[in-house]
Structures are given as C-alpha cells and as structure tokens.
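Structure record follows, encoded as structure tokens.
The values are calculated or read from the model by the stated rules, or taken from the named source; none is laboratory data. All values derive from a computational prediction rather than experimental measurement. Glycine gets a Cβ as well: all are built from the backbone with ideal geometry, and neighbour counts include every protein chain shown. Ligands, DNA and RNA are excluded from the accessible area calculation, which covers all protein heavy atoms including side chains. Shrake-Rupley method; radii C 1.70, N 1.55, O 1.52, S 1.80 Å.
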Amino acid sequence: MGTTSTYRFPWQSGTSMQYGSRGVHNAGFFSGWKAVDFLSDGNTSAGHAPNRLLASASGSISYICRDGTSVAIRIGDLLYAHLLDNSNLTYGHYFNQGDEIGQLRSGSFNNNCGWADQGANWFHVHWGFPDTGSFEAGGWTLSLSDGLWRRGGETRGIYSWFEAESGGDIIDPDGDITSPS
C-alpha cells in the first residue's frame, strides 16, 4: 500500500497554494493548537488555486467565530479561518471530504476572527490542528518543530507552492481505506 493521509489539502485538486511566511504558528483559537497559512492570488491560468475552500476531511461544524469581517470554523480536528460568511456555516452542518466550504476573505483585514496583511487580490486560509508534533496532508508530513514539509526525499519550507493532488488512498476516521472520487 502507498502513502496514506487522512487529510487532503483544502483547495482544488491540480491547483497550488503557497505556504505562508509565518510557517508554523499558534492557531489563536484553541490552546495547544498550531496553524499554517496557505495563500493564493486565484490566478488559475498560472495553476494557482481559485478562491474556493474545500473540506480536508469529512465532519460537522462544532465551532464558529463570526466578527462581521470573516468567519472561522472547526470541523473535527481542523480549524479553517478567514472565510466569507455563507448559509452552510452553521453548527452541525456536515461536509464530506472535498466538499466546498466557501470562499476566503481577500485583501488585508483585522478583527476578532483573525487578521491578514496580503495583497488586494490575494486570499489565504489559516489552517489549524492540534499540536501533536507533526501533521499530515496530501501525502506531505509537516514537522511542527522546524516548520518544514517532507515527502519522500523532498523537503519544502515557507514560500513553497503545494499542489492539491487527486488520487491515492484516504484513511477515514474509522480506519477504512477509500479511494477519492
């Protein structure tokens, strides 16, 4: 069996987002959590991800922060911040892995559910998870101590672009192996 991962990157397969300059940092919403930022300018002709955030794993919304500027939500053990509000962002709403959650706030902002200092057409997801020493997504393993992503013999750091790939096996929370559609 090949490399497996519970989580997929939260953007469209075949497109890329850039690993943010802050590397691994405190999630800011939950004690004992870390986060990373992934950015895009939405330039799909360059292979960059469109402004369309996808669920990295299946689950229901159990936490919501709204501040009138953006929304942060928790689905399972993942936090997604800087969303534009939409009708799906309600407690208990269930998303299958790969379902569209919504769009992200572009440009610079600062409010209770987070802040961003980015270009007017850029957007990013503040993606949080429990601090367990490492985090795996899309076949990559992130070391929370050095902030580097590794896959096989490849190592990537901040400012690297990561492509969300389709295919490969996914292990769901029950331990069942499935192939993504």
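Summary of computed values
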{"item": "Charge sum, other residues only, whose C-beta stays under 11 Å from Tyr19's C-beta, Lys/Arg counted +1 and Asp/Glu -1", "result": "+1"}
{"item": "Considering only the range 1-119, percent of DSSP beta bridges that pair antiparallel, nearest 5", "result": "95"}
{"item": "By accessible area with a 1.4 Å probe, ligands and nucleic acids excluded, highest first: order of Arg105, Arg66", "result": "Arg66, Arg105"}
{"item": "Surface/4 of the Cα convex hull for the range 102-163, nm²", "result": "5.6"}
{"item": "Distance (nanometres) between label positions extended 7 Å along Cα→Cβ at Ala120 and Ser45", "result": "1.9"}
{"item": "The range 41-148: Rg to Rh, with Rh as the Kirkwood radius over Cα pairs", "result": "0.96"}
{"item": "Accessible surface of the chain, 1.4 Å probe, proportion on carbon and sulfur as whole %", "result": "42"}
{"item": "Per residue solvent-accessible surface (Å²) - the chain, probe of 1.4 Å", "result": "47"}
{"item": "Built amide H within the under 5 Å cut-off of Ser160, gap 5+", "result": "Tyr19"}
{"item": "Rotationally averaged projected area of the chain (alpha carbon convex hull; nm²)", "result": "10.1"}
